[in-house]
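The values are calculated or read from the model by the stated rules, or taken from the named source; none is laboratory data. Worth saying up front: this structure is predicted, and the values here are computed from it rather than measured. Note: ideal-geometry Cβ built from the backbone for every residue, glycine included; neighbour counts use all protein chains shown.
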Amino acid sequence: MIPMELSPDTVLIFDRDENLFVLESFVHATNWIEAIDVDEGEYTAACSPDGGVLALTAPEGPEGSVVLARTGSVDLGDLEGRVARYWRRHQAGQPPRGPQQTARFLIEREGLVQVRVTGSVTRPGGPVWS
């Protein structure tokens, strides 16, 4: 089986509880994320699968829009550490995978439909919940 190619705009977002969200593009990410959550620091990191550091901001405050931008920095070590913690916490018993493999795994597993722990399902193209 040939692994799927990730879009260069694929986004990995981590929250305070070390949940990992994978979104297929910046547009999907900024449409899904709520400014109030960004404003309150719910998300601890946003990265591209190759370790590119992304800035997630809500410049208009909690009622405004969300902006996601490339910073020009790369921190693959930080991303790899976050992904490793994700595997230990949320995929116990499974062999750990790197950032790109994890993004592909979550996208393929969920078919780009988010299934939350509560059982609710969002529309296709939304985030993949870990």
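Key figures
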{"item": "Subset of the stretch 53-70 [in a loop (DSSP other than H, G, I, E, B) and surrounded by fewer than 19 Cβ atoms within 10 Å (Cβ to Cβ)]", "result": "PRO59, GLU60, GLY61, PRO62, GLU63, GLY64, SER65"}
{"item": "Failed condition for ARG97, given (1) of a type outside the set (Ser, Thr, Tyr); (2) assigned to a helix (DSSP H, G or I); (3) in contact with a Lys or Arg (Cβ under 9 Å, 6 or more places away or on another chain)", "result": "(2)"}
{"item": "Selection count where residues are within 20 Å of PRO62 (Cβ to Cβ) and surrounded by fewer than 20 Cβ atoms within 10 Å (Cβ to Cβ), scope the stretch 18-34", "result": "4"}
{"item": "THR30 among the β-branched types (Val, Ile, Thr) and either within 13 Å of the chain's Cα centre (by Cα) or under 20 Å from ILE107 (Cβ atoms) (or both)", "result": "yes"}
{"item": "Any hit, the stretch 5-14, residues being of a type in the set (Gly, Ala, Ser), out of contact with any helix residue (DSSP H, G or I) (no Cβ under 8 Å at 6 or more places or on another chain) and modelled with pLDDT under 95", "result": "yes"}
{"item": "Every residue from the stretch 26-52 that is outside any helix (DSSP H, G or I) and without any contact (Cβ under 8 Å) to a residue 24 or more places away in the chain", "result": "GLU40, GLY52"}
